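Bear in mind these aren't lab numbers, they're just calculated from the coordinates by the rules spelled out. Every value quoted in this text rests on a predicted model; they were computed, and no experiment measured them.
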Amino acid sequence: MAVSHDIAVSGVRPGKVLLVGEGMGLFAAGEEGPCSEVGSFSASVAGAELNVAIGLERLGQHPVYMTRIGQDPIGERILYFMRQNDLDTSLVGKDATRSTGFMMKSKVDQGDPKTYYFRKGSAASALGPADVKAIDCSGISLMHMTGILPALSESALEASKALVEMSRANHIFVSFDPNERPALWKSDKQMKQTLLSLSAKADLVLPGISEGRHLFGLDNVRDIGQAFIDNGARYAVVKDGPDGAYATDGHDGVYVPGFKVDAVVDTVGAGDGFAAGVLSALLEGRRMSEALERGCAVGAMQTQVVSDNEGLPDKARLNDFVARHQRAVVRQVG
């Protein structure tokens, strides 16, 4: 039986959106093959929280992005990129002793590309509780974070905990995407414990099927959503790839089908686009089904480009995409 009871989300009000994370340089291979053998790469900027910030800005919201960069060309590229995308750079700190992180990404004709991170000891990994304490919370209504920030270092882990506590103390809605990155964690045990702990304190958690499988041993979107609710979250939105997304508050649930595209160019950044779509709709006061539809559309649009964020649309492009693309077959969840 399909679950189709829509959800009115409480606790979200218009205002600034705080995001804290690591902005990185991205070097994407210009041809297929191992990154060690490819002759050309295109340079851009990446980082989960930065991607979400860009998506929110293009959809008419007011993101505030905090990070640290080194005094190097990659850091300057991030600043330039933020200014080009009308993002406030006042919370970007410069570190004279650490470098800006970067990543390399292979090119593939199907499936997910291989990514290689160069971020150990980076400027952003030095973020800590003192940085959080210095944040001016006035005007901030929502804080979105991912499971990447706490994986960067011990100080970043403490900063992540401080962000959640600060948000709760100031009645700021907390959105959390577990966004597992096993290679960044000291152990699988630490990753699981931390992600479950942060998810338990979130108002909204945004896992994918793979995270539900790893954290709870579950594959069904309905079961995964309920598991996150039982863990402590108020609302759970489970991403179901190109098929769509499911949301629940533990009582009602709604499944919204995704959008069909002719071909997928690159899946990296689609989850960030999904988050930007969902959060922008909730900040507008829309119900969960509308938020899921927007999230699915923005995520699908992001799969059409190689860059991690070039596919993120403004409202005009988003509306055109929704009008011109068919929906996936409605999934049965029971």
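List of remarks:
- Residue-wise HN-Hα couplings along the stretch 32-44, as the Karplus relation 6.51 cos²θ - 1.76 cosθ + 1.60 with θ = phi - 60° gives them from phi, are 6, x, x, 4, 6, 10, 5, x, 9, 9, 9, 9, 8 Hz; Gly and Pro carry x.
- Convex hull of Cα atoms in the stretch 76-146, direction-averaged projection (nm²): 7.2 nm²
- Whole-Hz couplings from phi, Karplus 6.51/-1.76/1.60, listed for the stretch 101-118; x for Gly and Pro: x, 8, 9, 10, 9, 7, 10, 10, 9, 7, x, 8, x, 7, 10, 10, 9, 10
- Placed amide H near Arg68: partners under 5 Å, 5+ positions off or other chain: Gly23, Gly93, Ala124
- Translational D in µm²/s for the stretch 25-135 (Stokes-Einstein at 10 °C, 1.306 mPa s, Kirkwood Rh from C-alpha pairs): 105 µm²/s
- Solution diffusion estimate, µm²/s, Stokes-Einstein, the stretch 198-268, Kirkwood Rh from C-alpha pairs, 4 °C, viscosity 1.567 mPa s: 104 µm²/s
- Exceeding the 26 Å Cα-Cα cut-off - candidates Lys133/Lys189; Lys94/Lys201; Lys16/Lys133; Lys161/Lys315; Lys94/Lys161; Lys114/Lys239: Lys133/Lys189; Lys94/Lys201; Lys161/Lys315
- Panel values: the chain, Kirkwood radius from alpha carbon pairs, Stokes-Einstein at 4 °C and 1.567 mPa s, translational diffusion coefficient 65 µm²/s.
- Counted over all Cα-Cα pairs of the stretch 234-316, pairs farther apart than 21 Å make up 23 percent.
- Taking all Cα pairs closer than 8 Å and separated by 6 or more residues, the relative contact order of the stretch 176-334 comes to 18 percent.
- Mean residue ellipticity, 222 nm, helices only, the chain: the sum of -39500 (n - 2.57) across DSSP H runs of n ≥ 4, divided by residue count and rounded to 500, is -10500 deg cm²/dmol.
- The mean of 1/r over all pairs of different alpha-carbon atoms in the stretch 140-222, once inverted, gives a Kirkwood hydrodynamic radius of 13.0 Å.
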